[in-house]
């Protein structure tokens, strides 16, 4: 098969060399974006008087036919034609004759592929934002049902202070809100048109780049043709936002794995998001949470891979940049799948409220309440901290908890302790009293839930 660019060559590559250099195995993912870009380009060529209206109409008809076939998965692609652009141009020419060759007037594959990726990532970013909101909704729904469900809060994975389960879930809501903001901000850089930049230097044809940008829904054009064809910052930014999002999902995944274990028994995952063992019939494994935790690494790898590809490239386009796509496609697939799975896991999980509350009564996570109690009576906090530390040590030696101590034992530690100390030690009281802005107090959580609902409605 003769290459569309083969005019100056006297021999063709062997089949295995073609396969090594070809990108059609993965960039066919861009088929609809490539056709949309071509439709805008040919309309501009006609309006600018570069090709006739008759030729443009024939090309548009052919492109629309290819688009219909692409939508129905009826197109076949050849490695010999390297990439999605040459494959589609060849099929267009086969369909409508030599006039199909006029489509490429005033553009290069360099600005063409960049345009495709801008269109692709704009659409995928919007999809991911919507999926993030679905997960936020699942978190918000569970949080509303568990405002007064008490659980241990942790630092260093050691029980620290009792908190509301809703408060814990909403921490992830706000992480996801920042993720959403990053993808939204990224769209500003994605939504710029490189079409018409040519191979690197623009074109001699009187093209109208603003028109193609408008037809494709871009907010503007690249101001420098070299930058237009060599820029992959918008992909890096997308991969970076995706990596941070996956890190958040991985952290929640780790907690879901812990909470569903026999040691915690805080939650039970729905059977639809769990698997069994081939040898141990009692097992119910949180495999989906584990997979998301594991897949985070591949998204990190895609970011680092592209950073490494780009770090030493001179302007403008280089074949190295063919390596920008597979990681991008893989990241989109991984992120969208992970968000769909996680939203379902959160929405359907059962919460063992009694087990959570029980865990707060058999530890020393209420120790800070004693220190605060004394501080409110005028004792410097550092002195209060020391006194309570000694009480905890006494409990450890006696194999009891703070609420098990007698009032006399409290008064021996400091005379300002009164019999109201037992109410203070109650985990529910401890949570309820933490009513500072953004805290775990029930009233603060209800305020936070209203703000979160407002964020989703504003979208």
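Taking segment 362-380 as the range and being in contact (Cβ under 8 Å) with a residue 40 or more places away in the chain and in contact with a strand residue (DSSP E or B) (Cβ under 9 Å, 6 or more places away or on another chain) as the test, the residues that pass are 363, 364, 365, 366, 368, 369. Of the residues screened, residue 86 is one that is modelled with pLDDT under 95 and either crowded, with 20+ Cβ neighbours inside 10 Å or part of a loop (DSSP other than H, G, I, E, B) (or both).
So which residues in segment 147-167 are crowded, with 20+ Cβ neighbours inside 10 Å and either closer than 23 Å to residue 340 by Cβ or out of contact with any helix residue (DSSP H, G or I) (no Cβ under 7 Å at 6 or more places or on another chain) (or both)? None; the set is empty. Among the residues of segment 70-83, those that are at negative phi and not in a helix (DSSP H, G or I) comprise 72, 74, 75, 76, 77, 78, 83.
Annotation: residue 303 fulfils all but one of (1) outside the structural domain of residue 179 (by TED's automatic domain parsing); (2) crowded, with 16+ Cβ neighbours inside 10 Å; the unmet one is (1). Can you pull out the residues in segment 330-380 that are more than 26 Å from residue 137 (Cα to Cα), under 36 Å from the mean Cα position of the chain (by Cα) and surrounded by fewer than 19 Cβ atoms within 10 Å (Cβ to Cβ)? Hit for segment 330-380 is 358, nothing else. Under 30 Å from residue 132 (Cβ atoms), modelled with pLDDT of 95 or more, assigned to a helix (DSSP H, G or I) and out of contact with any strand residue (DSSP E or B) (no Cβ under 6 Å at 6 or more places or on another chain) - does that describe any residue in segment 194-209? No, segment 194-209 has no match at all. For residue 432, the conditions (1) outside any loop (DSSP other than H, G, I, E, B); (2) at pLDDT 95 or above; (3) surrounded by 15 or more Cβ atoms within 10 Å (Cβ to Cβ) are fulfilled apart from (2). Is it the case that residue 209 is within 30 Å of residue 139 (Cα to Cα) and either crowded, with 23+ Cβ neighbours inside 10 Å or in contact (Cβ under 8 Å) with a residue 60 or more places away in the chain (or both)? Judged against the criteria, residue 209 is not a match. It is to be established whether one or more residues within segment 219-229 are touching a residue at least 24 places away in the same chain (Cβ under 8 Å), crowded, with 22+ Cβ neighbours inside 10 Å and over 20 Å from residue 322 (Cα atoms). So far as segment 219-229 goes, yes, one or more of its residues are touching a residue at least 24 places away in the same chain (Cβ under 8 Å), crowded, with 22+ Cβ neighbours inside 10 Å and over 20 Å from residue 322 (Cα atoms). For segment 25-60, filtered to residues that are under 15 Å from residue 78 (Cβ atoms) and surrounded by 19 or more Cβ atoms within 10 Å (Cβ to Cβ), the residue that is modelled with the highest pLDDT is 31.
Conditions tested, residue by residue: (1) farther than 19 Å from residue 153 by Cα; (2) under 46 Å from the mean Cα position of the chain (by Cα); (3) in a helix (DSSP H, G or I).
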| residue | (1), (2), (3) |
| --- | --- |
| 382 | yes, yes, yes |
| 396 | yes, yes, yes |
| 408 | yes, no, yes |
| 411 | yes, no, yes |
| 417 | yes, no, no |
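The values are calculated or read from the model by the stated rules, or taken from the named source; none is laboratory data. If you're wondering where the values come from, they're calculated on a predicted model, not measured in any experiment. Using ideal geometry, Cβ is built from the backbone for each residue, glycine included, and neighbour counts are taken over all protein chains shown.
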